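*Asks:* Would you mind keeping the following structure in view while I ask a few things?
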Amino acid sequence: MLQQEPLTLRTEDGAEVAAMLHFDDARPPTTAVTIMHPTSDWRQHYILPLLAARGIAALGFTTRYTGREADLILEHTILDMAAGIKLLRERGFRHIACIGNSGGGEIVTVYQAEAERPTLTQTPLGTPPDLTTADLPPIDGLILLNAHRGRAHSLTRSLDPSVGGDDGNDPFAYDPALDMYNPKNGPPYSPDFQARYHAAQVERNHKITRWCQRKLAQLATLGNPLMTDVPFIVHRTDANLALADLTIDPSDRSGLTIWDEDPKVANYTAGPLRGGATRLRIMTLRSWISQRGLATSVFDVMQFLPRCHVPLLFVVGTAEASGPRDSLEMFELGNDPDKRLVWLKGGTHFMRGQAALQAEAADAIVQWLHDRNLA
């Protein structure tokens, strides 16, 4: 019978994170698979009971930042993941593979790269943790399920560069020549417009980063030791050209966001859509530096995946909102000679309402575990 065991994990720096272990008590498993996300609660992720029903224990867990997107410091999530791996090793699981789904991809790849050869001694803010001294038990396999490259890159691709100002975040400073929703610009979008647009997106990211750095330096001069960070709003963050022009990185995608929203409406809405899905717009100065700044955040699958020397599986929906380019580039960078790429025809980012495709993903994972002698 399928069972769920709630767990509380304690990290080596004293944080507590909640987890849920799914398993079939009729056939005690020897292999475990984990899934986590920097800020989402994935203790009940759709893949967990599907794997448990197929004889694989599955651990879904939170991080110390679950539900707290605004103040996420990515480096701490590596210690959160380590707590889950340690628990599974202590439970005697012979093999452990980790799924990086969506924003979880950057966590699992950085984790394994640092477990094999640690290099990160601090956050970009100069604060702990020092991962070169942390206890990071290595894992036995990596599974990237509809994973993106990293939070700094995924946000930049969707930043609206028509938002101007010296600090890159003044909604009243508007450049219609860089507005993807201005019909004069397309779609379709010319190669010249695409190049100018992407360059302006990158520059907007850098402007916000420089503003955050200046504000942090200013905070340090105020004489208030309790005031070490402040929140701010990143205006208009749903402006990915590929959502309006399906000739860019062609795929089966619908043109909606990963939350199944009209991107133009999502870009300009003052609040959440979909009955509570948040716009990822509220940041703090420190959080931006760690997770969103292109010049400061180190969490990039493209940089860390080549340092992972374990079996690799990529499971990717052909209707992924952002298109297949990232997945194909990540696949090429993986150094596992027997790496595998499985396409799920019509699969969307979260595969909501796609039970058959969710089962297909679970089947692909279990088959790969057996083929690689991990189950």
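*Asks:* Only one of 125, 145, 88 is part of a loop (DSSP other than H, G, I, E, B) and either in contact with a strand residue (DSSP E or B) (Cβ under 9 Å, 6 or more places away or on another chain) or in the same structural domain as residue 71 (by TED's automatic domain parsing) (or both); which?
*Replies:* 125
*Asks:* Considering each of 64, 68 in turn, give the residue that is touching a Ser or Thr at 6+ places or on another chain (Cβ under 9 Å), within 18 Å of residue 20 (Cβ to Cβ) and charged (D, E, K, R).
*Replies:* None of the other options fit; the residue is 64.
*Asks:* Right, next: Restricting to segment 129-146, give me the number of residues that are crowded, with 22+ Cβ neighbours inside 10 Å and over 15 Å from residue 80 (Cα atoms).
*Replies:* 6
*Asks:* If you check residue 189 against the conditions, is it surrounded by 15 or more Cβ atoms within 10 Å (Cβ to Cβ), within 15 Å of residue 163 (Cα to Cα) and either hydroxyl-bearing (Ser, Thr, Tyr) or outside the structural domain of residue 283 (by TED's automatic domain parsing) (or both)?
*Replies:* Judged against the criteria, residue 189 is not a match.
*Asks:* Please state which one of 157, 117 is assigned by TED's automatic domain parsing to the domain that holds residue 211, among the basic types (Lys, Arg) and in contact (Cβ under 8 Å) with a residue 40 or more places away in the chain.
*Replies:* Going through 157, 117 in turn, just one is assigned by TED's automatic domain parsing to the domain that holds residue 211, among the basic types (Lys, Arg) and in contact (Cβ under 8 Å) with a residue 40 or more places away in the chain: 157.
*Asks:* Also: Would you mind stating whether residue 180 is of a type in the set (A, V, I, L, M), part of a loop (DSSP other than H, G, I, E, B), surrounded by 14 or more Cβ atoms within 10 Å (Cβ to Cβ) and outside the structural domain of residue 69 (by TED's automatic domain parsing)?
*Replies:* yes
The values are calculated or read from the model by the stated rules, or taken from the named source; none is laboratory data. All of these numbers come straight from a predicted model, not from anything done at the bench. No Cβ is skipped: glycine too gets one built from the backbone with ideal geometry, and neighbour counts run over all protein chains shown.
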